[in-house]
Amino acid sequence: MRSDPDLAHAAARGNEASFAELVRRHQGKVRGMARRLTGSEAQGDDIAQATFLTAWQKIATYAGGTFSSWICTICWREFLQWRRRQKMEIEFDETAEIIPFDRSADQHEMRMDLTRALESLSEAQRVCVVLCVATGLTHQEAAEVTGWPLGTVKSHVLRGVALLRTRLENANVA
């Protein structure tokens, strides 16, 4: 079995089959990361697709190291671009009617699942937990992906995982 760096170098020379193998190997990780960052399967899949498109276009810039870290860095940047676009598209309509509704019954009847627990974390904690726990990057790799200091990433992972445990235990989720 060929290594990721070997496949990436072959892809940089135009070998589409090598890049397709990289996609097969890493698509689950990238899709999972993007879905967890966005909280949406559809938007996560769009970001994953954009990630691999960008990776194909920039495969010649891969300079070695873990391919997983490189592709997750691209995914992180695609997520940031998506988030910026979302913020620009949101406009407040002062003429819109606000219709209140009661979700308290649903909240008490439904158990909190992992997705909802992740959404309850701060964005920084969620990002670090997704990168390190769900995606499997090391703390160092997550720091390189986000551009945040290593200690900050470690702190967000530690606090985020602790909050997840507490919230999931309180919701009686195994």
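The values are calculated or read from the model by the stated rules, or taken from the named source; none is laboratory data. Source: prediction; values computed, not measured. Accessible surface is based on the protein model in full, side chains and every heavy atom, while ligands, DNA and RNA are left aside. Shrake-Rupley method; radii C 1.70, N 1.55, O 1.52, S 1.80 Å.
Here are the numbers for this structure:
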{"quantity": "For ASN15, residues with placed amide H under 5 Å, excluding near neighbours", "calculated": "none"}
{"quantity": "Taking the stretch 1-45 and dividing mean pair separation by its residue count, relative contact order in percent (alpha carbons under 8 Å, at least six apart)", "calculated": "23 percent"}
{"quantity": "Solvent-accessible surface ranking, highest first, for GLU123, GLU78 at 1.4 angstrom", "calculated": "GLU123, GLU78"}
{"quantity": "The stretch 4-64, accessible surface, carbon-and-sulfur percent (1.4 angstrom probe)", "calculated": "46 percent"}
